[in-house]
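Visitor: I'd like to ask some things about the structure below.
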Amino acid sequence: MKDGIQTFFGEAGEAACYALDLIDVAEEYLQGEVDPCSALLGGIDRKFIHYSWDNAEDNDNFYVGKPAEFLEYLTGRKWSVVKKIPDYEPKPGEYVIERWERVKTGAVIGHFRRPKWDSLVNSATVRLGMIVSLRICSPL
């Protein structure tokens, strides 16, 4: 087991919402379960997701820099992932991830979720915020 794995899981709970949503897209596409721990670690090892094992305070931890490549790694198929406006109407075969934001003490707090699935229970950002954009995932 990796040193710092408990810190890793704690940080995943705080900041891995987009990566977890992409894993949920892969599960929906594959119609089966994907182990989230293995998926996150594999995405980090392949540099699709940033994670600094030496710095738990790195604000970029769990930043998904290559979402299409992460989905390809998870599903074995190439993907397109594009940012769209909140009122975009998805086409058949497109998978939607919502970006929510709220302002708290002058800082913008963000959270990604799927329309019918959320990695958090009762997200304050969803409850008190608004959708600011969508990520549309399409298999190629």
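Visitor: Criterion first (basic (Lys, Arg) and surrounded by 13 or more Cβ atoms within 10 Å (Cβ to Cβ)) does Arg99 satisfy it?
Guide: yes
Visitor: With the checklist (1) acidic (Asp, Glu); (2) in contact (Cβ under 8 Å) with a residue 24 or more places away in the chain; (3) within 29 Å of Ile5 (Cβ to Cβ) in hand, flag the one item Glu27 doesn't pass.
Guide: Here Glu27 clears every test but (2).
Visitor: Quick check on my filter: what residues within the stretch 108-140 are within 25 Å of Pro92 (Cβ to Cβ) and of a type in the set (Lys, Arg)?
Guide: Arg113, Arg114, Lys116, Arg135
Visitor: Starting from residues that are in contact (Cβ under 8 Å) with a residue 12 or more places away in the chain and outside any loop (DSSP other than H, G, I, E, B), keep the ones in the stretch 42-59 and report whichever is farthest from Ala19 (Cα to Cα).
Guide: This residue is Gly42.
Visitor: Would you call Gly106 at pLDDT below 95, loosely packed, with under 12 Cβ neighbours inside 10 Å and at positive phi?
Guide: Considered against the rule, which asks whether it is at pLDDT below 95, loosely packed, with under 12 Cβ neighbours inside 10 Å and at positive phi, Gly106 comes out as yes.
Visitor: Here's something else I'd like to know. Can you find even one residue in the stretch 61-69 that is assigned to a loop (DSSP other than H, G, I, E, B), charged (D, E, K, R) and in contact (Cβ under 8 Å) with a residue 24 or more places away in the chain?
Guide: no
Visitor: Let me ask something additional. On the given criteria, is Ser119 surrounded by fewer than 16 Cβ atoms within 10 Å (Cβ to Cβ) and in contact with a helix residue (DSSP H, G or I) (Cβ under 7 Å, 6 or more places away or on another chain)?
Guide: When the stated conditions are applied, Ser119 does not pass them.
Visitor: Any idea which of (1) farther than 21 Å from Glu101 by Cβ; (2) in contact with an Asp or Glu (Cβ under 9 Å, 6 or more places away or on another chain) is the one His50 doesn't satisfy?
Guide: (1)
The values are calculated or read from the model by the stated rules, or taken from the named source; none is laboratory data. For clarity, every value in this text was computed on a predicted model and none was experimentally measured. FYI the Cβ positions are ideal-geometry reconstructions off the backbone, even for glycines, and counts take in every protein chain you see.
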